[in-house]
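The values are calculated or read from the model by the stated rules, or taken from the named source; none is laboratory data. The structure displayed is predicted, hence computed values, not measured ones. Neighbour counts are summed over all protein chains in view; Cβ atoms, including those assigned to glycine, are modelled from backbone coordinates with ideal geometry.
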Amino acid sequence: MNMKTNELQLYGDKTRAEWDRFWVRIAGGLEAYQPDLRYKVGLYRVLLNGVVMAIGTGTDKGGGLAKRLSDFIRASWSGRNHYVGRLIYENRHRLTVEVLIVGSDKEAREIARALKKPMVHHHRPEWTIPSLRAQKVKARVKVRAKPRKPTRPYLGVVPDLKLSDIQPLSG
């Protein structure tokens, strides 16, 4: 098994590569609501000129993929308050949409959520990757409760002082 890419790891009863063969193009894409996808959960990907731009999940219990895709086209901004959502909305008329239906129950929701990361890793969608990098950077940044006090006073240029006014530091 290749531990770095988890090529043999199972998601439900299939590997990532096996699931990858089940993407289906959605007629009409983001032009209208997709009622046939209601209660179906899984992943969606959007393509621009054949290039995968974003991958996400539609795992809501009541709406599934239909609800998630409608978030990008409805009047409310709630589905577009993040980087990828805004880009999908702005380019919705130019994008092709494909879905990977995993099922319609709780287990399918868990499989879809687990499958997202390996799909993103494999396809490297242009809009999703920057978002993941930003999250990793945020995770590495340590937040201090109090700002650190400087160890010595600032000796840079101070416009109101003459060089002769500055006293040398003692000891």
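Would you say ARG38 is touching a strand residue (DSSP E or B) at 6+ places or on another chain (Cβ under 6 Å), more than 14 Å from ALA112 (Cβ to Cβ) and among the charged types (D, E, K, R)? Here the answer is no, as ARG38 does not meet what is asked. When we screen ARG38, ARG16, ARG21 for residues that are closer than 15 Å to HIS123 by Cα, free of Cβ contacts under 8 Å to residues at least 40 places away in the same chain and either surrounded by fewer than 17 Cβ atoms within 10 Å (Cβ to Cβ) or not acidic (Asp, Glu) (or both), the only hit is ARG21. The C-beta contact set for region 62-89 (first residue within 17 Å of TYR33 (Cβ to Cβ) and modelled with pLDDT under 85, second residue hydrophobic (A, V, I, L, M, F, W, C) and surrounded by fewer than 20 Cβ atoms within 10 Å (Cβ to Cβ), distance under 8 angstrom, 6+ apart or interchain) comprises ILE73/ALA32. Against the criterion of being farther than 14 Å from ARG109 by Cβ, modelled with pLDDT under 90 and not charged (D, E, K, R), ALA54 does not qualify.
Residues of region 102-119 that are surrounded by fewer than 20 Cβ atoms within 10 Å (Cβ to Cβ) and either part of a strand (DSSP E or B) or of a type outside the set (D, E, K, R) (or both): GLY103, SER104, ALA108, ALA114, PRO118.
Is there a residue in region 93-111 that is in contact with a His (Cβ under 8 Å, 6 or more places away or on another chain), under 16 Å from GLY29 (Cα atoms) and in contact (Cβ under 8 Å) with a residue 40 or more places away in the chain? No, there is no match, as no residue in region 93-111 is in contact with a His (Cβ under 8 Å, 6 or more places away or on another chain), under 16 Å from GLY29 (Cα atoms) and in contact (Cβ under 8 Å) with a residue 40 or more places away in the chain.
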